[in-house]
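Enquirer: Please see the structure below; I have some questions.
The values are calculated or read from the model by the stated rules, or taken from the named source; none is laboratory data. Computed from a prediction, not measured in an experiment: that's the story for all the values here. Ideal geometry is used to build each Cβ from the backbone, glycine not excepted, and the neighbour counts take in all protein chains shown. Protein only, heavy atoms only, side chains kept; ligands, DNA and RNA dropped before computing areas. Shrake-Rupley method; radii C 1.70, N 1.55, O 1.52, S 1.80 Å.
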Amino acid sequence: VYAPLVMPEVITGLSLLLLFVALNVDRGFWTVVIAHTTLTMCFVTVIVQSRLIGFDRSLEEAAMDLGCPPFKTFMTITLPLIAPAIAAGWMLAFSLSLDDLVIASFTTGPGATTLPIRIYSEVRLGVKPEINAICTIMIAVVALGTIVSSLITKRGASQRERAALGAQV
């Protein structure tokens with residue numbers, strides 16, 4: 001699980017390429033998906049595992065003692081408590097996958113071009129306005145997401161503060 005954390009991307013990309021060639025798999029969209037999943041799964045695992053270390057198991061046990069089935073316990077108790085770690089892992093995996101050029105260049109085939117490969121090939125030949133527009137849109141989406149997240153966090157903090165003040169009165 002932890003191998004992609006310490007292994008250089010060139011080695012990972014080359015070994016996945018050799019695996020796909022040995023299995024006689026046509027390289028394309030699905031090989032890129034498998035490669036990026038392999039690369040990013042260890043990062044997500046580390047983040048979620050760190051959340052589970054501090055997880056209070058007595059909450060699950062209390063729910064099951066009160067007659068809640070295991071699946072419903074997971075959906076109503078465990079999943080909401082580890083959801084921030086899952087979201088953080090997803091965001092990290094998405095950004096790593098979006099940034100990855102090396103593994104994508106080894107595992108992509110004809111007809112499947114990822115954005116980093118396209119940008120790299122455009123930079124060598126001269127950047128077109130479309131690439132600048134895509135990068136500007138990506139920056140705007142990230143900035144908007146950061147602002148919305150900050151506003152939601154501030155709103156939640158102010159609501160908790162008002163609730164605490166109301167409880168004291």
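Enquirer: Pull up region 82-96, narrow it to residues that are surrounded by 15 or more Cβ atoms within 10 Å (Cβ to Cβ) and over 8 Å from the mean Cα position of the chain (by Cα), then point me to the one that is farthest from Leu39 (Cα to Cα).
Expert: Initial filter on region 82-96 (surrounded by 15 or more Cβ atoms within 10 Å (Cβ to Cβ)): 82, 85, 88-89, 92-93, 96.
From what is left, the residues that are over 8 Å from the mean Cα position of the chain (by Cα) are 82, 85.
On the way: Ile82: 22, Ala85: 18 Å.
Filtering region 82-96 for residues that are surrounded by 15 or more Cβ atoms within 10 Å (Cβ to Cβ) and over 8 Å from the mean Cα position of the chain (by Cα), the one farthest from Leu39 (Cα to Cα) comes out as Ile82.
Enquirer: In region 67-169, which helices (runs of 4 or more DSSP H) lie fully inside it and hold 2 or more residues that are among the polar types (S, T, N, Q)? Even if it seems obvious, please write down each step before you answer.
Expert: Details: elements: 70-73, 79-99, 102-107, 115-125, 129-168.
Answer list for region 67-169: 79-99, 102-107, 129-168.
Enquirer: Do we have any residue at all in region 144-160 that's open to solvent by less than 50 Å² (accessible area, probe 1.4 Å) and within 18 Å of the chain's Cα centre (by Cα)?
Expert: yes
Enquirer: State whether one or more residues within region 126-149 are of a type in the set (Asp, Glu), out of contact with any strand residue (DSSP E or B) (no Cβ under 9 Å at 6 or more places or on another chain) and either touching a residue at least 60 places away in the same chain (Cβ under 8 Å) or under 30 Å from Met7 (Cα atoms) (or both).
Expert: no
Enquirer: A further question follows. Give me a count of the residues in region 44-61 that are open to solvent by less than 50 Å² (accessible area, probe 1.4 Å) and either touching a residue at least 24 places away in the same chain (Cβ under 8 Å) or of a type in the set (A, V, I, L, M) (or both). Talk me through it step by step, then tell me what you get.
Expert: Applying the first criterion (open to solvent by less than 50 Å² (accessible area, probe 1.4 Å)) to region 44-61 yields 44-45, 47-48, 55, 60.
Of the ones still in play, those that are also either touching a residue at least 24 places away in the same chain (Cβ under 8 Å) or of a type in the set (A, V, I, L, M) (or both) are 44-45, 47-48, 55.
Result for region 44-61: 5.
Enquirer: Could you please give the count of residues in region 22-42 that are in a helix (DSSP H, G or I), open to solvent by less than 50 Å² (accessible area, probe 1.4 Å) and not β-branched (Val, Ile, Thr)?
Expert: Counting residues in region 22-42 that are in a helix (DSSP H, G or I), open to solvent by less than 50 Å² (accessible area, probe 1.4 Å) and not β-branched (Val, Ile, Thr) gives 4.
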